[in-house]
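Data first, discussion second: the structure below is written as structure tokens.
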Ligand code: PLP
């Protein structure tokens, strides 16, 4: 018999994954070119050529015992140094390899942070809508997830409700910037305001409140939007990063967490996080891809590709009368369902072979998410189908 804790997961198996399966089914039935699958954040821009070259070079040049061997649980020191130097050059920070732990993607990095910090019963605050796995990650450590209500005018951080939700029991707060599923970017002013509230509450409660900044979409910001580097605004910050989206490597499972020296008890925290990486069963992040990303620290995502998709989809859908949040980052578009129960809207869309994810999969019913990390041609071809869908609500 499986563990009690796993039973709810069987019941609510991720709607996004189910949608992915549905996409495959429709593709087999109608042909993949006639299915408009906007359900999954699986980047379709290929990984940079530089990465393939790096992998080949590493395999040819580096001792196989090193390439395929165990290393420090935090990852290869020279890999961590290359990334720390790159962050320092970009953000004016002063990290060393000791401030970085290589992880099995952002998902694992978040688990490492939560395992390091959260005692049973302590609270972790998230802002709706949010990446629903956060709830599972917090429950892994018997933490209590506390949701801040969405600001449905702007989908920026609802700081008024945040203040209400902070309590003596708050141990950590998770933000995600640029944002999945809304595509918004929190600017410097917002991050400053968030930091001020956290500083005040730390003072009032007399203990640290950690800010976990989940940033797998860091480089995906458009129209000149800048993504603030949060460690500069609030000392007790850990930055979680992934190469899944920026280098199109979701299957490789590679990311890292930055734990600055300014974090309370930083030496113990870094040591505990390194152990958490090990005892979670990951042991260390995959070795070959660690070495490869270190050689690609300055590789860039093809932002123009996503930008063209973003503009075409946003303009196309708003012209048809749909209400969308203007996306400034990541590769998602957040659309207000024209009927109250967005699941009905998602069902109607399937008639036109359009697949979208209901907002309740992000704890925000009444909206749907479209992932536009698909081909440009697919977006162009989907728009007449969206026009038919729009007519059902005219
Ligand atoms: N955080 C957010 C907001 C995400 O959207 C995702 C993946 O879609 C992740 C974390 C997990 O990323 P990774 O593939 O690096 O585990």
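Any read-out appearing in this document is the output of simple, stated calculations on the displayed coordinates, not a laboratory observation. Keep in mind it's a predicted model, so treat the numbers as computed, not measured. When we count neighbours, we look across all protein chains shown, and the Cβ atoms used for this are built from the backbone with ideal geometry, even at glycine.
Brief remarks follow.
- Viscosity 0.692 mPa s, 37 °C: Kirkwood-radius Stokes-Einstein D of the chain over Cα pairs, µm²/s: 150 µm²/s
- Neighbour counts of C-beta atoms inside 10 Å place 90, 343 in the sequence 90, 343, starting with the fewest.
- Helix 49-61 axis, angle to the chain major axis (alpha carbon atoms, nearest 10°): 40 degrees
- Sorted ascending by nearby beta carbons within 10 Å, beginning with the fewest, 127, 20 become 20, 127.
- Neighbour counts of other Cβ atoms within 10 Å put 256, 372 in the fewest-to-most order 372, 256.
- Gaussian network model of the chain, Cα within-10 Å springs - most flexible of 364, 373, 282: 282
- Kirkwood-type hydrodynamic radius, the range 339-389: 11.5 Å, calculated from all non-identical alpha-carbon pairs.
- Pairs of Cα atoms in the range 1-146 fall into 10 Å distance bins, from 0 up to the last occupied one, in shares of 8, 21, 29, 27, 14, 0 percent.
- MRE, 222 nm, helices only [DSSP H, n ≥ 4, -39500 (n - 2.57), over the chain, to nearest 500]: -12500 deg cm²/dmol
- Cα centroid separation - the range 166-222 against the range 303-378, whole Å: 25 Å
- Using a cutoff of 8 angstrom between alpha carbon atoms and counting only pairs six or more residues apart, the relative contact order for the range 274-336 works out to 18 percent.
- In the chain, the longest principal axis of the Cα atoms and the axis of helix 77-91 are about 60 degrees apart.
- Mean shadow area of the range 80-197, taken as a quarter of the surface of its Cα convex hull (nm²): 8.1 nm²
- Average Cα contact separation per residue, the chain, under 8 Å, 6 or more apart, as relative contact order %: 24 percent
- Global size of the range 191-275: 14.7, 43 Å for Rg and Dmax (C-alpha atoms, Rg to one decimal, Dmax whole).
- Taking 0.36 nm per residue of separation and subtracting the current Cα-Cα distance, fully stretching the chain between residue 33 and residue 94 would add 17.1 nm.
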